[in-house]
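The next block holds one structure in the form of structure tokens; read it before the comments.
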Amino acid sequence: KTDANFVLIKTGMPGRELFAELLKSGVVIRPVDGYGLVSHVRVSIGLPQENERFFYELKEVLRKNKLL
């Protein structure tokens with residue numbers, strides 16, 4: 001059994017760029033390029049409605065960047 005309060009996601013775009021885009025809509029994630037993971041982000045697990053909002057905003061950014 002494993003417990004964690006965050007997930008690491010490979011995004012297909014620079015994590016720092018995704019961070020900046022999501023921040024515009026009030027969604028905070030963490031880029032992890034400092035660990036050499038340029039296209040990954042760290043996302044904390046939140047309440048169900050927070051998680052749904054994250055996924056909605058993520059899809060919007062990925063669509064805008066033609067990655068979805």
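Just so it is clear, none of the values below were taken in a lab; they were calculated from the coordinates. Worth saying up front: this structure is predicted, and the values here are computed from it rather than measured. Here Cβ is always computed from backbone atoms with ideal geometry, including for glycine, and neighbour counts include all displayed protein chains.
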What net charge do the residues around residue 8 carry, taking every other residue with its C-beta under 12 Å from that of residue 8, with Lys and Arg at +1 and Asp and Glu at -1?
+3
State the answer as a single residue: which of 39, 4, 29 lies farthest towards the positive end of the charge dipole of the chain, with beta carbon charges of +1 for Lys and Arg and -1 for Asp and Glu, about the Cα centre.
39
With θ taken as phi - 60° and the coefficients 6.51, -1.76 and 1.60, list the Karplus ³J(HN,Hα) couplings across segment 50-58 in order, rounded to whole Hz; mark glycine and proline as x.
5, 5, 4, 5, 4, 5, 4, 5, 4
If you plug each phi of segment 60-68 into the Karplus form 6.51 cos²θ - 1.76 cosθ + 1.60 with θ = phi - 60°, what whole-Hz ³J(HN,Hα) values come out, in order, with x for Gly and Pro?
4, 5, 5, 5, 4, 9, 6, 10, 9
Spin-label model distance (nm) - residue 49 vs residue 62, 7 Å beyond Cα toward Cβ:
2.4
Just to be sure I understand: if I project the alpha-carbon convex hull of the chain onto a plane and average over all orientations, what area do I get in nm²?
4.9
Residues with amide H under 5 Å of residue 6's amide H, sequence separation 5 or more or different chain, H placed in the peptide plane at 1.01 Å from N; which?
45
Which value at 222 nm does the chain reach when only helices count, each DSSP H run of 4 or more adding -39,500 (n - 2.57), with the total divided by all residues and rounded to the nearest 500 deg cm²/dmol?
-12500 deg cm²/dmol
